[in-house]
Structure formats: C-alpha cells, structure tokens
Amino acid sequence: MSLLDHKAADLHGLLHKKEIKVSDLVDESFKRINQVDHKIKAFLTLNEENARQQALMYDEKFAGGEKLGALFGMPIGIKDNIVTQNIRTTCGSRILENFDPIYDATAVQNLNKAGTITIGKLNMDEFGMGSSNENSAFQKTLNPWNLDYVPGGSSGGSAAAVAAGEVLFSLGSDTGGSIRQPAAFCGVVGLKPTYGRVSRFGLVAFASSLEQIGPITRTVEDNAYLLEALAGVDSMDSTSANVKVPKYTESLTGDIKGLKIGVPKEYLGEGVSAESRNSVLEALKVLEKLGAKWEEVSLPHSKYALSAYYLLSSSEASANLARFDGVRYGYRTDNAKNLIEMYKNTRAEGFGDEVKRRIMLGTFALSSGYYDAYYKKAQQVRTLIKKDFEDVFEKYDVIIGPTAPTPAFKLGEKTTDPLTMYANDILTIPVNLAGVPGISVPCGFAGGLPLGLQIIGRHFDESTVYRVAHAYEQATSFHKEKPYL
Amino acid sequence: MSRISAHQVKHVANLARLAITDEETETLTKELDAIITFAEQLNELNTENVEPTSHVLEMKNVLREDEAAKGLPIKEVLKNAPDSKDGHIRVPSIME
C-alpha cells in the first residue's frame, strides 16, 4: 500500500508521531509519477526541485515539535489554468506554452499557508473548453481505469492524477462540470463550490459568471479539509462572497436522519444511460437506509440549460480571451506586417479549434443585431433555471442525480461533432447556471469504469452536501477501489 | 434555412481578431450554423417579463478603500512579454 492511499488526517497523525516524514510523502508522489505518468499523461510540468526542498524545510518544522495544520506537508497537483508563481502555467494552450506567472492565485496562496506542497501542474482541455482532455494542445490524458478511455474534462489531469495515486489531491476548476464530470469518470470526489465561495483571482478566466475553483480528492473528508483552506472572501476578487466559512469537517457526522432529497425526473430520463440511472437508484436505497427520504421532483427548464450555457459561456470567453493578443504575454506570431495582422495571426496560430469555435460563437452572440436574440435570451433562461432550483430547495435539503449521463467514453468517440461532446454535460451545467454547490462521489462501476453520484445543495450550504456525501461514502466501498496501472 | 453565412463568419472572425482560412470559414459556417440552430430551442420559452441573470449572487457595488499599493515590478512584468525595449512592451507598427 502506498503512503498516498491514506487520507490526510491519518498522514497528519503519522507525521506528528514522527513515523513518517514530509519527504517520504513527496518521494512517494514523484516515485508514483515516474511509474505511471508515462501511461496516463496527467502532468504538464513538475515542480520537483522546489517540492523536495520545501519538504526538507517542513520536516524540520515537524522535528521541532511545531503544531501544524491538517494539510501541512501534503502533496497536491494544480490544474494548469490556476497561476503559480515561477511555475509555468499553460492552460493547455500553445498561446501560453511558455507563460511564467509572476504571482500565485489566491487559492494557491491559501494552500501555501495551509502547508501543502505543489508537485506540479495538471493537463486540461485548452482554457477549460472540453469534456475529455482531448482538446489539450500538448497531450491527451488517459483514464487510469482503462487507457482506451478519456478521463473526462476539462480537469481530466487533476482527476486522473488523484485516481492514479500520483498526488493525494488536486485543484480543478468547474465552469459547466469540469470538476465533477472527470471526478465521476475517474472514480474520485470532486466539488464545485457555490459561486463566490472560493476566490477566482489567478484562475485564468474562461466564463467568469459560472466558474469556480474546487478540490478533487480520494475521500469526502479530505475534500472538506481542502475547502476549509480555500474558501473565503478576497479583496482581489470582487465576486468572492463575504459569507462565513464553516468548519466543513465538523459537518461529517454520518447522521442524515430526516434528510429530504429531491430527485429530478429530468436527471433520470432521456439521454441518461441505464447504468447511470441504476447506480443512482441504488444509492438512494442506501441513503434511505440511513434515514433519508426521497421524492421525485422536477427542474422543468433543464433541457434548455445546454443552449443557454453555450451562448453565455462562449460570450464570456470571447471577451475574456481577447487578452491573448501577443502583446503582454504568451505566444506572438513571426508573421505580421502590422499590429492588426499580428493580433489575428497570433490568435490563429496560438488557439486550438474548439477555442476558436467558442470565440466565434461568443463574438457572434454579442455582435450588434444578435445580442437580444441570443445573449439576453440566454440570460433570461438562466433566471428560469435558477428559479427551478430555488423552488425545489424550498422543500428539499439536497438534489441528487447522476453526475454524467454515461461512464467515460472512448478516445476519439465524440470528437467529430461538437454537439455530441457538449451533451455530456447536461447534468452538471444547470448547477453552474444556478451558482449552487455540487459534488460528485463514486457510486458504482459499469464495465470496469467508475460512475459518479451528484449531490447538489443550496447556495453556501456545502456543509449539508458534504454531510450527505460522507454518510453515503461511509456506507459504501466504491471509493476504496483503485485502478490497476 | 441557414442561420449564418460564410460572409457573416468572416465578419465575426474579423471582430474576434482571428485569421481564418477559406477551409476554416467553410467548416465554421457549418458548425456554427448547427450550434445556433440548436440554441434557438430557447425561443420555445416565453421570457417576456423575465429579468436576465448576469450574476447569481445578490451583490452590488463592492467597494474598498482607495489606498495606494505597490504595483508589480516592471522587470517581472516584462519577463513574459514577447518583445520589449527600455522598460516598454514593443509591438509591430500600427500603420504600414
């Protein structure tokens, strides 16, 4: 058994008892990366020298008997769209191939304060646009459970690295499902926090009104520890919320007696595979045994979420990605006679096909004459979708359904038609549009590939989401399964 | 009926400052047409008196004290610039 198979609290105990050292954890992480990363290709950049030095420094702190926090010395991987000072940050894009950030994202600063050790940067679909990691400009990360399958996306590298035991946990980001869907496909735990819960300062922006940074872990408990470190208001992000951060780990009581669960009929209907549906029905039986009650509910505007999402997220992306113009950072073309040509050729050569497609869609939706018909209409539909959730949450504590309509799909299976790929996110996208928190926890296997259970909560009620996820996890053993690599 | 023409695609690409080849124009016209056609299902919904949501949280005018703080060091900032000279970022000529 690898040291990294333990949860953080156990490792923390071993560190304090001086049975292990931080260096052992960091060694184990790089050893595992050497063994398996050539197979799954999760990492884009390693921070080996710094990580090992930091481990030695932290070992001295433990040796000195200092009281240190639960995450102190734990090896973590960071999605490559979260900036890390002096560690290359590419967003999976040629246009940022050699970008060397000059500051840390607030989330990374918070982790550094908590004492985690950054092992390296993890692969992703370019700028977060994709559901399979096949849109990375550099490499395709593969699913640790079966190398013919995708790990999901866009935080595919972050989920695969945790599932393969290369790091104890990782950070991802979720704009339309990019933490939860890969967590489901790789059999790990991934949380998208409430919009505003975690600062987005230093998260390279794709769709600012939808995205959040969140933790990907092997257990719900580790996830809760990480959110405690990450959450909170930040003067550098005016959309971060000034709402008290609870001790999430204290909500992991195992007690869900009397909990009211709403199960949207739209999440078990058309387009959802039998495997995914059945795994959720089985999970509901487990929750019932623990004292929860569930009823069928409706989120009537669910089927419009995908359209609204692609219009809104692409519109925001077209504005956010305007900054990549070859002037201040990133790639610049050699082929330009004047400034405008430099912009156009830099962007044509630096961006991949999916990114260009979405910039085009967004520019179109925001352009004169189309704004009301597409962008404003999508914002109005967003209001209806948000209202759907508010109505259900008046009577129910959480909403439960599958994370994704199917288990992981094969490489190349959905690359020919963009709409087929987009449809993979139908069950995660509404959560981003409503801004509520959602977690994916392992809930079964189909053909050797993991399935995910999605638990959605009220705004800023991650505590209840964690409580339910933890109670379910403790009553099942899916999270204990590991891929053979 | 096609929702977007090749001519429009070229116009949008110019607005987005993206150089696209004729082949890309053809592909993008087809793909955007399919996506926009799909998105038009939103027209099934009556949204006449529905307020648009641009942001999910009730937050307005987030202000802070106007205090001077140290900016980023120029040397650091220029580290990632493709071309610079004498502490400035250099770009190709604007006029030919």
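The values are calculated or read from the model by the stated rules, or taken from the named source; none is laboratory data. Predicted, not measured: the structure shown is a model, and the values here were computed from it. A quick note on method: Cβ atoms are made from the backbone with ideal geometry, for glycine too, and the neighbour counts reach across all protein chains shown. Ligands, DNA and RNA are stripped out before the accessible areas are found, and what is left, the full protein with its side chains, is counted by its heavy atoms. Shrake-Rupley method; radii C 1.70, N 1.55, O 1.52, S 1.80 Å.
For the range A:245-302, which trypsin sites (Lys or Arg not before Pro) are in a loop by DSSP, counting at most 12 other Cβ atoms within 10 Å? Intermediate values should be presented prior to the final figure.
Working: sites: A:Lys247, A:Lys257, A:Lys260, A:Lys265, A:Arg277, A:Lys285, A:Lys289, A:Lys293; in loops: A:Lys247, A:Lys257.
Sparse-neighbourhood loop trypsin sites (Lys or Arg not before Pro): A:Lys247, A:Lys257.
How crowded by other chains is A:340-347, given as the mean number of beta carbons from other chains within 10 Å of each beta carbon?
Details: counts 5, 4, 6, 6, 7, 3, 4, 5.
So the per-residue partner count for this stretch is 5.
If you roll a 1.4 angstrom probe over the protein chains with everything in place, what fraction of the accessible area of the range A:364-419 belongs to carbon and sulfur, to the nearest %?
Working: 1120 of 2300 Å².
Looking at the range A:364-419 in its full context, I get 49 percent from C and S.
Per residue of A:379-386, how many C-beta atoms from partner chains lie within 10 Å of its own C-beta, taken as a mean?
Working: counts 7, 10, 7, 6, 7, 5, 1, 2.
Going residue by residue through A:379-386 and averaging, the value is 6.
Mind checking the log10 I(q)/I(0) for the range A:286-373 at q = 0.11, 0.19, 0.22, 0.25 Å⁻¹? Debye, one equal scatterer per Cα, no solvent, two decimals.
The calculated log intensity ratios at q = 0.11, 0.19, 0.22, 0.25 Å⁻¹ are -0.50, -0.91, -1.07, -1.19.
Per residue, what accessible area does the protein assembly as shown have, given a 1.4 Å probe and all protein chains present, in Å²?
Computed with neighbouring chains in place, this is 40 Å² per residue.
Under 28 Å between alpha carbons, and skipping anything fewer than 8 positions from B:Lys70 in its own chain: which lysines qualify?
Excluding near neighbours in sequence, the set is A:Lys113, B:Lys60, B:Lys79, B:Lys85.
If R0 is 60 Å, what FRET efficiency do you get for B:Leu72 and A:Ala446 from their C-beta distance, rounded to 0.05?
Numbers: r = 50 Å, r/R0 = 0.83.
Efficiency, from the Cβ-Cβ distance: 0.75.
Please give every one of the aspartates and glutamates within straight-line cross-link reach of A:Lys289, meaning a C-alpha to C-alpha distance under 13 Å, and leave out same-chain neighbours fewer than 8 residues apart.
Hits, sequence-local ones excluded: A:Asp255.
Quick one: net charge around A:Gly176, please, counting Lys, Arg +1 and Asp, Glu -1 for every other residue with C-beta under 9 Å from its C-beta.
Surrounding charge for A:Gly176 is -3.
For the range A:260-328, just the Cα set please: Rg and Dmax, both in angstrom.
19.2, 60
Testing the spin-label approximation: label points 7 Å from Cα along Cα→Cβ at A:Ser235 and A:Met1. State their distance in nm.
4.6 nm
Distance from a point 7 Å along Cα→Cβ of A:Lys387 to each backbone N in the range B:27-71: keep the residues under 14 Å and list them by number.
Flagged as within label range: B:45-53.
In Å², nearest 100, what accessible area do chains A and B bury in total when the solvent probe is 1.4 Å? Kindly include the intermediate steps, with their values, before the conclusion.
On the way: alone 18730 and 9990 Å², together 23340 Å².
Result for this pair: about 5400 Å² buried.
Averaged over all directions, how much area does the convex hull of the C-alpha atoms of the range A:353-454 cover when projected, in nm²?
Working: hull surface 33.1 nm².
Reported value for the Cα convex hull: 8.3 nm².
Just want to confirm a number: the relative contact order over chain B, from Cα pairs under 8 angstrom separated by 6+ residues, in percent.
Values: 29 pairs, mean separation 16.7, N = 96.
RCO, chain B: 17 percent.
Please list, or write none, the lysines whose alpha carbon is within less than 29 Å of the alpha carbon of B:Lys30, excluding same-chain residues fewer than 8 places away.
Straight-line reach from B:Lys30, under 29 Å: A:Lys140, A:Lys303, A:Lys344, A:Lys356, A:Lys376, A:Lys377, A:Lys410, A:Lys414, B:Lys10.
List the relative contact order of chain A as a percent without decimals, with contacts defined as Cα pairs under 8 Å and 6+ residues apart. Before the final figure, lay out the partial values.
Details: 1151 pairs, mean separation 85.2, N = 485.
It comes to 18 percent, rounded to a whole number.
If every alpha-carbon in the protein assembly as shown counts as one equal scatterer, what log10 I(q)/I(0) does Debye give at q = 0.07, 0.09 1/Å?
-0.39, -0.66
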